[in-house]
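Worksheet: the structure to be examined is printed underneath.
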Amino acid sequence: MTTPRQTQSYLRNLFESRGLKPKGKLGQNFLIDLNLLQVIVAAAELGREDLVLEVGSGTGSLTAALAAQAGAVLGVELDPDFYQLARENTAAFSNVVLLHVDILESKHRINRQVLDTLRRMLVEGPARRLKLVANLPYVVATPVITNFLVSDLPFERMVVTIQWELAARLVAEPSTKDYGSLSVLVQSLADPRILRRLPPQVFWPRPKVDSALVLIRPNPAKRAAIRDLPGFQSFVRDLYLHRRKNLRGALHPLLGKRFDKESLDALLSSHGFDPGGRAEALTVAEHLRLFEVLFEAGALAARTTDPNEKQPLDPPS
């Protein structure tokens, strides 16, 4: 079964014939390197037991390549013109379901229709192993990755192309400029790895920055070690609201009136934390241990809210 080869000339002719123009505000940069398309599919390691979610189906080129190997594909496309193109280019595949919706229901929350459809498809089968494989629009990449990681959906892996700057934050190590709340949350739940750096010329229209192909493997053992995931997510996010503050200064506003600064210093020191140090010097394991120390000391209340409701990570300092 063949589908159109998504080259730059093919896209130019296709868009001209339909009177279409890629929309920068929607992150519509199309992968035109056919070898990289195969690299993405290969990294996904697809089989008939796989249900693949693709966010931003575009023309349906990657969708069709995924459908040729996976058991089922759920594609999500916001733009009505490209939704129609994706429908046409995947019409021959009975295992493709396309949704014409925004992946985000609000600014930072996954669309409930997408969540419900994924759960229904997992139950109905035959594909029962869930994967995210997508050329993610830059504007939604962070909330898509983080919200799916903290959700109860059993993703086996995520293979995504994202902005290089975001990829660097996902894999950053302590005491580096890219290390922050996003690094800590993702690495506390999964094992992220950059597979390739992608120059602008492999996309059309060309983005102004480099991209990256990233493999994220959710780690069930890591997740099980976090007793209160919504609480930990909130804690990490709030800890980095003011990156330039030392640990004492960053923590004290989070604890309300439960601890004065002297008591907080004593608690931190007794567990081997330097009150004058900075959060970004702590390893992921130390962030988890700090959360446990504060939780056990009654400094943090248990959180039972839906992690899908959380605000974005790494706010500007």
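Here the scattering of the stretch 229-309 is modelled by Debye summation over its C-alpha atoms, one equal scatterer each and no solvent; at q = 0.22, 0.24 Å⁻¹ the log10 of I(q)/I(0) is -1.08, -1.30. For the pair residue 48 and residue 242, the difference between a 0.36 nm per residue extended length and the Cα-Cα distance amounts to 65.2 nm.
Over the stretch 74-161, the reciprocal of the mean inverse Cα-Cα separation, the Kirkwood hydrodynamic radius, stands at 13.8 Å. The stretch 19-98 and the stretch 203-253 have Cα centres spaced 28 Å apart. Taken along the Cα-to-beta-carbon direction at a fixed 7 Å, the label points for residue 219 and residue 281 span 2.4 nm. Placing +1 on the Cβ of every Lys and Arg and -1 on the Cβ of every Asp and Glu, with no other charges, gives the chain a dipole of roughly 400 debye about its Cα centre. Peptides 291-298, 136-143 ordered by packing proxy, namely the average of other Cβ atoms within 10 Å per residue, highest first: 136-143, 291-298. Which net charge results when you count Lys and Arg as +1 and Asp and Glu as -1 among the other residues whose beta-carbon is under 13 Å from that of residue 164? Counting the neighbours of residue 164, the net charge comes to +1. For the chain, a Kirkwood hydrodynamic radius built from all Cα pairs, placed in the Stokes-Einstein relation at 25 °C and 0.890 mPa s, yields a translational diffusion coefficient of 118 µm²/s. Pairs from the table (177/245; 177/208; 21/208) lying more than 19 angstrom apart at Cα are 177/208. Here each label is just a point 7 Å from Cα along the line to Cβ, and for residue 139 and residue 13 those points are 3.0 nm apart. Relative to the longest principal axis of the Cα atoms of the chain, the long axis of helix 112-124 makes an angle of roughly 70 degrees.
Spin-label model, residue 227/residue 175: points 7 Å from Cα along the beta carbon direction are separated by 3.0 nm.
When the alpha carbon coordinates of the stretch 126-190 are projected onto the principal axes, the ranges are 45, 23, 14 Å, largest first.
Subtracting the Cα-Cα distance of residue 124 and residue 100 from their residue separation scaled by 0.36 nm leaves 6.5 nm. Return, ordered by residue number, the residues of the stretch 38-61 whose backbone nitrogen is under 17 Å from a label point located 7 Å along Cα→Cβ of residue 191. Taking a point 7 Å out along Cα→Cβ of residue 191, the residues of the stretch 38-61 whose backbone N falls under 17 Å are 43-45. Just to confirm the number: angle between the C-alpha axis of helix 229-239 and the first principal axis of the chain, 0 to 90 degrees, nearest 10? The two axes meet at around 70 degrees. Considering only 188, 234, 269, the mean-square fluctuation computed in a Gaussian network model of the chain, springs between alpha carbons under 10 angstrom, is largest for 269. Taking Cα atoms, how many degrees apart are the long axis of helix 8-18 and the longest axis of the chain, rounded to 10 and kept between 0 and 90? Helix 8-18 sits at roughly 70 degrees to that axis. Before anything else, pin down the relative contact order of the chain: Cα pairs under 8 Å, at least 6 apart, normalised by residue count, whole percent. Relative contact order comes out at 16 percent. For the stretch 158-185 and the stretch 260-295, write down the distance between their C-alpha centroids in whole Å. Result: 23 Å between the Cα centres.
The dipole here belongs to the stretch 69-226: it is taken about the Cα centre, uses +1 on the Cβ of Lys and Arg and -1 on the Cβ of Asp and Glu, and is about 440 debye.
Computed from the coordinates by the stated procedures, all read-outs in this text should not be read as laboratory data. Please read all numbers here as calculations on a predicted model, not as lab measurements. A quick note on method: Cβ atoms are made from the backbone with ideal geometry, for glycine too, and the neighbour counts reach across all protein chains shown.
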